[in-house]
Amino acid sequence: MVTCTKRLEFDYGHRVFQHESKCRNLHGHRGVAEITAYAPEQDSLGRIIDFSVLKERVGKWIDDNWDHNMVLFDQDVEALKSVRWIKDGREPFAAPFNPTAENMAKYLLEVVCPEVLKDTGVKVVKVVLHETPTGRAEATL
């Protein structure tokens, strides 16, 4: 199998709802998402997909929704209220999941990538989300 992977970097804040330690507090990360795409055949140039397409589609979604934003569980009413006071700021991303690295990787793999790449003929088969330089989560099909 031949795949290609695009690395996308972004900054975000979150808190892990009901975490037993310090991650229950609002804090930030320099996130890195590695998006691995597969297609049954390479194109006439020998590519699975041009890297710029992954950047333009998946990267744009990350920029529009997670980059320089708070990613908060939609059931975490306390945190959602605490960041909405910022005048003229954008609304936090109210995620339908607790924003752990594992859940964020899974959401990119199962929801975001299929939607933003639906007309390309490629399938994202793995997403690796680096939350810190030493901690990462992987979601694969």
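Here, each number is a calculation from the coordinates, and none is a lab measurement. Keep in mind it's a predicted model, so treat the numbers as computed, not measured. Positions of Cβ are generated from backbone atoms using ideal geometry, with glycine treated the same way; all protein chains shown enter the neighbour counts.
Taking 7 Å steps out from each Cα toward its Cβ at Glu9 and Glu115 produces label points 2.7 nm apart.
Remark: the range 90-103, residue by residue, has Karplus-estimated 3J(HN,Hα) of 7, 5, x, 7, 8, 7, x, 7, 5, x, 7, 4, 4, 5 Hz, where x stands for each Gly or Pro and the curve is 6.51 cos²θ - 1.76 cosθ + 1.60 at θ = phi - 60°.
Determine the percent antiparallel among the DSSP beta bridges restricted to the chain, to the nearest 5.
Working: 25 of 31 bridges.
Within the chain, antiparallel bridges account for around 80 percent of the total.
Taken one residue at a time, the phi angles of the range 124-133 give Karplus couplings (6.51, -1.76, 1.60, θ = phi - 60°) of 7, 9, 7, 10, 10, 10, 8, 8, 9, x Hz. Gly and Pro are set to x. In the list (i) 0.98; (ii) 0.94; (iii) 1.01, the label attached to Rg/Rh (Cα atoms, Kirkwood Rh) as derived from the coordinates here is (iii). Comparing Val32, Val111, Val53 along the charge dipole axis of the chain, the residue lying farthest to the positive side is Val32, per the Cβ-charge model.
Take His19, His14 and order them by how many other Cβ atoms sit within 10 Å, fewest up front.
Working: His19 12, His14 28.
Ascending Cβ contact count within 10 Å gives the list His19, His14.
Listed by chain and number, the lysines whose C-alpha is less than 17 Å from the C-alpha of Lys123, apart from same-chain residues fewer than 8 away, are Lys6, Lys55, Lys106.
How large is the convex hull of the Cα atoms of the range 43-105 per residue, expressed in Å³ as a whole number? All intermediate terms of the calculation are to be shown ahead of the outcome.
Numbers: hull volume 5.8 nm³, N = 63.
Once divided by residue count, the hull of the range 43-105 is 93 Å³.
Reported to the nearest whole Å, the Cα centre-to-centre distance from the range 90-141 to the range 22-67 is 8. Dividing the mean sequence gap of close Cα pairs (under 8 Å, 6+ apart) by how many residues the range 3-140 holds gives a relative contact order of 29 percent.
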